[in-house]
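> Have a look at the structure that comes next, please.
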Amino acid sequence: MKKIINKVDDILDEMLAGFTYEHEYLVQLVPDTYVITAKYADDTKVSLISGGGSGHEPSHAGFVGKGMLSAAVCGQVFTSPTPDEVLAAITNVPNENGVLLIVKNYSGDIMNFDMAKELAEDMDIQVEVVVVNDDIAVEDSTYTTGRRGVAGTVLVHKILGAYADKGATLQELKAIGDHLVANMKTLGVALKAATVPAVGKPGFELAEDEIEFGVGIHGEPGYRKAKIQASEELAREILTKIKAELPLDDQGEYALLVNGLGGTPYMEQYVFLNDVKKLLAKNNVNVVYKKSGNLMTALDMTGLSLTVVKLEAGWLDALNHTVDTPAW
């Protein structure tokens, strides 16, 4: 294993120290926790909190700041944060107007965020939860009941952050978030597995000429292995799977996110995005928003995912809403 680290046990502490040092004008670390909060605080609006295991950087701390998240809770690598850590986030952001938790659908995250919600409600803090389950690859996979939450989570941060800025209530944000998740589908492909520092070896094995469709962001199994193929063929399979669950027609407006999983150069992301563009153009699909980048990674995994959102009224404006965060 080749990693630029010191001691494995110190990775999270040292990473957050470096992160807050670089972005000290925007964010801060709550003492004695793994909670990152925004220095910009607005007690007139609902606060948004997300989080999960580390190893997905810049998610989620990179989206803390003006216009997106009020706080992010960082667990150990690929490990859910504890209920106490989530509660610390809830009590260290403005919560007079309520707090919305944006949670990826993994069993540990669901359990621990729900426990924190109950503890906060005992303190008379209103809390709602939006569960993101955008990954269409598999059902009831490792760590998950139902479908996994993956890169689409970042777009939930972005859109709900804009609505919170505009004064939406907690109940309104919950309703928008649930509807957004239902209109969002993601599917990925891996060329090489991630290496968790504490394990020291790749989480799964792929032959030199082999890829796997549908691998999760913690290295969970996908739905099939295949021989390496051209980008346009990858795009065709992924879009075919997404289209089976989300109508892609000439009647609506759509947003795209090409997300790198950590080890994929931007050059390759742009090639893939261009292939997606060409395939959608053949069916006159109206793409009005597109973004690529390493936003929800899986350590050093090589691969990418595609998220497609069928937009409702107001969502495009929310995607274009100006924010000030470390990573957007």
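> Of VAL30, VAL99, VAL86, which residue is open to solvent by less than 20 Å² (accessible area, probe 1.4 Å) and free of Cβ contacts under 8 Å to residues at least 60 places away in the same chain?
Criteria check complete, one pass: VAL86.
> Okay, moving on. Is the range 126-147 home to any residue that is of a type in the set (Lys, Arg) and within 20 Å of LEU170 (Cβ to Cβ)?
Of the range 126-147, the ones of a type in the set (Lys, Arg) are 147.
Now narrow it down to the ones that are within 20 Å of LEU170 (Cβ to Cβ): none.
So far as the range 126-147 goes, no, none of its residues is of a type in the set (Lys, Arg) and within 20 Å of LEU170 (Cβ to Cβ).
> Could I ask something else about it? Can you confirm whether the range 157-172 contains a residue that is within 20 Å of the chain's Cα centre (by Cα), polar (S, T, N, Q) and at pLDDT 95 or above?
The answer is no; no qualifying residue exists.
> TYR40 fails exactly one of the following numbered conditions: (1) part of a loop (DSSP other than H, G, I, E, B); (2) of a type outside the set (A, V, I, L, M, F, W, C); (3) touching a residue at least 40 places away in the same chain (Cβ under 8 Å); (4) in contact with a helix residue (DSSP H, G or I) (Cβ under 9 Å, 6 or more places away or on another chain). What is the number of that condition?
That leaves (4) as the condition not met.
> Please indicate, with yes or no, whether at least one residue in the range 2-11 is in contact with a helix residue (DSSP H, G or I) (Cβ under 8 Å, 6 or more places away or on another chain), open to solvent by 10 Å² or more (accessible area, probe 1.4 Å), over 17 Å from LYS158 (Cα atoms) and not hydroxyl-bearing (Ser, Thr, Tyr). Spell out the reasoning first.
Looking only at the range 2-11, we keep the residues that are in contact with a helix residue (DSSP H, G or I) (Cβ under 8 Å, 6 or more places away or on another chain), and these are 5-6.
Adding the requirement that they be open to solvent by 10 Å² or more (accessible area, probe 1.4 Å) leaves 5-6.
Now narrow it down to the ones that are over 17 Å from LYS158 (Cα atoms): 5-6.
Those left that are additionally not hydroxyl-bearing (Ser, Thr, Tyr): 5-6.
Yes - at least one qualifying residue is present in the range 2-11.
> Kindly list, by first and then second residue, each pair from a residue in the range 220-242 that is over 20 Å from ALA194 (Cβ atoms) to a residue that is in a helix (DSSP H, G or I) and open to solvent by 80 Å² or more (accessible area, probe 1.4 Å), limited to pairs with Cβ atoms under 8 Å and residues at least 6 apart or on different chains.
SER231/GLU268; GLU232/LYS278
> Taking the range 258-273, which residues are surrounded by 14 or more Cβ atoms within 10 Å (Cβ to Cβ) and either assigned to a helix (DSSP H, G or I) or among the hydroxyl-bearing types (Ser, Thr, Tyr) (or both)?
THR264, GLU268, GLN269, VAL271, PHE272, LEU273
> Let me ask something else about it. Of the residues GLU118, GLU85, only one is among the acidic types (Asp, Glu) and within 16 Å of SER54 (Cα to Cα); which?
Sole residue among the options that is among the acidic types (Asp, Glu) and within 16 Å of SER54 (Cα to Cα): GLU85.
> For the range 232-257, which positions are in a helix (DSSP H, G or I) and either buried (at least 17 other Cβ atoms within 10 Å of the Cβ) or out of contact with any helix residue (DSSP H, G or I) (no Cβ under 7 Å at 6 or more places or on another chain) (or both)?
Filtering the range 232-257 for residues in a helix (DSSP H, G or I) gives 232-243.
Of everything in the range 232-257, those that are in a helix (DSSP H, G or I) and either buried (at least 17 other Cβ atoms within 10 Å of the Cβ) or out of contact with any helix residue (DSSP H, G or I) (no Cβ under 7 Å at 6 or more places or on another chain) (or both) turn out to be GLU233, LEU234, ALA235, GLU237, ILE238, LEU239, THR240, LYS241, ILE242, LYS243.
> Taking the range 146-181 as the region of interest, how many residues are within 21 Å of GLY52 (Cα to Cα) and either part of a helix (DSSP H, G or I) or aromatic (Phe, Trp, Tyr) (or both)?
16
> While we're looking at this one, here's another question. Could you count how many residues in the range 109-147 are modelled with pLDDT under 95 and either in contact with a Ser or Thr (Cβ under 7 Å, 6 or more places away or on another chain) or more than 30 Å from LEU239 (Cα to Cα) (or both)?
The total comes to 3.
> Among the listed residues GLU220, GLU212, GLU205, which satisfies the condition of being more than 20 Å from TRP328 (Cα to Cα), open to solvent by less than 20 Å² (accessible area, probe 1.4 Å) and part of a loop (DSSP other than H, G, I, E, B)?
Checking each option against the conditions leaves just GLU220.
> How many residues are of a type outside the set (Val, Ile, Thr), assigned to a helix (DSSP H, G or I), open to solvent by 10 Å² or more (accessible area, probe 1.4 Å) and touching a residue at least 12 places away in the same chain (Cβ under 8 Å) if we restrict to the range 110-138? Give the steps one after another, and end with the answer.
Step one: list which residues in the range 110-138 are of a type outside the set (Val, Ile, Thr), which gives 111-124, 126, 128, 133-135, 137.
Filter once more, so that each one left must be assigned to a helix (DSSP H, G or I): 111-122.
Narrowing the set further to residues that are open to solvent by 10 Å² or more (accessible area, probe 1.4 Å) leaves 111-112, 114-115, 117-119, 121-122.
Now drop any that are not touching a residue at least 12 places away in the same chain (Cβ under 8 Å), which leaves 111-112, 114-115, 117, 119.
Looking only at that region, the number is 6.
> If you go through the range 306-328 one residue at a time, how many are open to solvent by 10 Å² or more (accessible area, probe 1.4 Å) and in a strand (DSSP E or B)?
Adding up the residues that qualify gives 2.
> Output yes when any residue across the range 283-293 is of a type in the set (Val, Ile, Thr), more than 11 Å from TYR254 (Cβ to Cβ), touching a strand residue (DSSP E or B) at 6+ places or on another chain (Cβ under 8 Å) and outside any loop (DSSP other than H, G, I, E, B), and no when none is.
no
> Checking THR186 against (1) under 19 Å from LEU304 (Cβ atoms); (2) open to solvent by less than 10 Å² (accessible area, probe 1.4 Å); (3) more than 18 Å from the chain's Cα centre (by Cα), which single condition isn't satisfied?
If we test THR186 against (1) under 19 Å from LEU304 (Cβ atoms); (2) open to solvent by less than 10 Å² (accessible area, probe 1.4 Å); (3) more than 18 Å from the chain's Cα centre (by Cα), just (3) comes out false.
The values are calculated or read from the model by the stated rules, or taken from the named source; none is laboratory data. Nothing here was measured: the structure is a model prediction, and the numbers come from that model. Virtual Cβ from ideal backbone geometry, glycine too; neighbours counted across all protein chains shown. Areas reflect the complete protein model, heavy atoms only, side chains present, ligands, DNA and RNA absent. Shrake-Rupley method; radii C 1.70, N 1.55, O 1.52, S 1.80 Å.
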